[in-house]
Structures are given as structure tokens and as C-alpha cells.
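K.L.:
Quick one: the structure is below, questions incoming.
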Amino acid sequence: MNCHANGDVAIDMVLTAVERAQGLFPRVDARPKITHCTLINDDLVRRIKAAGVVPALFTTYAYYNSDKFGYYGEEMMKRCMAFRTLLDAGVPVAAGSDFQPGPFDPRMAIQGMVTRTGWDGKTWGANQRITVDEALRVNTVNGAYNSHEEAIKGSITVGKLADFVVLAEDLHTVDTGKIKDVVIVRTVVGGATVYQA
């Protein structure tokens with residue numbers, strides 16, 4: 001199950017529906033998804049964790065749409081796209097791009113999650129920053145978990161699909177404000193190189 005919900009009221013409604021459905025027709029390890037799941041509070045985080053929901057938060061939004069955050073204000077932004085809060089609560093938050101309305105480049109997404117700084121140089125909700133390793137996990141392992149495909153996707157492991165990119169620089173050492181510009185030098189799909197710089 002996947003439902004789009006942005007605000008805390010809508011997220012509450014989705015969680016209520018999930019809780020009721022699980023009460024009537026329990027399904028083990030269902031992993032329902034809330035796409036966007038933007039504005040949360042402590043009670044919603046508790047319920048998300050308890051219901052085994054996997055939020056797929058906007059990932060490129062912190063960089064791409066930062067000019068809109070002045071309308072929300074800093075206090076609200078401390079609870080928006082709350083990667084840090086959700087990961088700290090043990091929720092396997094996954095990446096969400098909202099493609100086609102927004103860009104979906106994972107490099108831009110990682111930069112936004114790590115810096116919370118937009119194209120305009122403004123930083124919003126810095127308390128929700130996560131590490132490069134965590135951002136990579138959100139974009140890989142957690143996404144595979146969300147779609148029940150962790151046995152075949154999400155990490156470079158023997159027996160899994162050989163889909164990956166090779167980057168020109170190490171995301172752990174490059175300036176975090178330049179992650180989106182790191183060049184892809186090779187793309188491998190199913191073990192075959194489909195792009196080579």
C-alpha cells in the first residue's frame with residue numbers, strides 16, 4: 001500500500017487507516033508506504049514505527065525547493081523531511097523523488113539530506129541533517145526494503161542484481177556542497193556496463 005500524504009493531519013489519517021486495516025485484516029510485514037510524509041510530530045513518529053510504515057520522504061526538496069521554505073518558517077522546517085528524527089527512532093525511511101514534478105537525481109538528494117542547504121544558499125531544518133552513509137542507505141538499502149526487494153537489490157552483494165554507478169569522487173570526502181556535481185563515470189545494469197565516461 002502506498003498513499004501520498006504531506007501534512008501532519010493527512011499523515012494521521014493514513015496511519016489511522018493502516019491501523020484499522022491491520023486490526024481487521026492483519027498482514028505480517030506489510031511495510032505500507034507514505035510518500036512525502038513531510039510534516040511529522042513525536043506521536044506520528046511513534047505510530048509510524050509501531051505500524052511498520054516506511055516513509056518515502058522528498059529527497060531533492062531540501063535543495064531544489066528551498067526558496068519556498070520561508071513561507072513555512074524555521075520552526076515548521078525542523079519537523080519537515082525529518083530524516084534525522086525518523087532514523088533515530090529506528091524507522092527505515094526511504095527516498096522519494098516526486099518525479100515528475102521535481103528532479104530526482106540521487107546526488108542532489110544526498111546533498112540536500114546531508115546539508116539541508118538549498119540552491120539559494122539558505123539552510124532550513126539543520127536539525128534533520130543526516131550523514132553521507134545514512135543518505136546512501138536511504139537511497140539504496142531502505143528503498144529495497146520498502147519494496148520487499150532487499151533480497152535482490154539495495155546493496156552490492158553476491159546474488160543481488162548488479163546495478164550500480166561508479167563516481168569520479170568519494171562522496172565521503174568531497175565537499176558536501178558539491179555532491180550533486182560529482183561526475184558519474186560508469187553505470188552498470190545487470191552486471192553489464194551501459195554507460196562509460
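The values are calculated or read from the model by the stated rules, or taken from the named source; none is laboratory data. Computed from a prediction, not measured in an experiment: that's the story for all the values here. Note: ideal-geometry Cβ built from the backbone for every residue, glycine included; neighbour counts use all protein chains shown. Just so you know, the surface numbers come from the protein's heavy atoms only, side chains and all, with ligands and any DNA or RNA stripped out. Shrake-Rupley method; radii C 1.70, N 1.55, O 1.52, S 1.80 Å.
K.L.:
Return the total of residues in region 185-197 being of a type in the set (A, V, I, L, M) and surrounded by fewer than 13 Cβ atoms within 10 Å (Cβ to Cβ).
P.N.:
The number of residues fulfilling the criteria is 3.
K.L.:
Continuing with this model, one more query. Considering each residue of region 140-197, count those that are farther than 23 Å from A126 by Cα, of a type in the set (D, E, K, R) and not in a loop (DSSP other than H, G, I, E, B), and give that number.
P.N.:
The qualifying residues number 1.
K.L.:
Can you list the strands (runs of 3 or more DSSP E) lying wholly within region 1-116 that have 3 or more residues being open to solvent by 20 Å² or more (accessible area, probe 1.4 Å)?
P.N.:
2-5
K.L.:
Within the set of pairs 6 or more residues apart or between chains, which connect a residue that is acidic (D, E) inside region 147-168 to a residue that is loosely packed, with under 12 Cβ neighbours inside 10 Å with Cβ atoms less than 7 Å apart?
P.N.:
From region 147-168, the pairs are D163/G190.
K.L.:
Residues being modelled with pLDDT under 95 and open to solvent by less than 60 Å² (accessible area, probe 1.4 Å): count how many of those fall in region 156-175.
P.N.:
2
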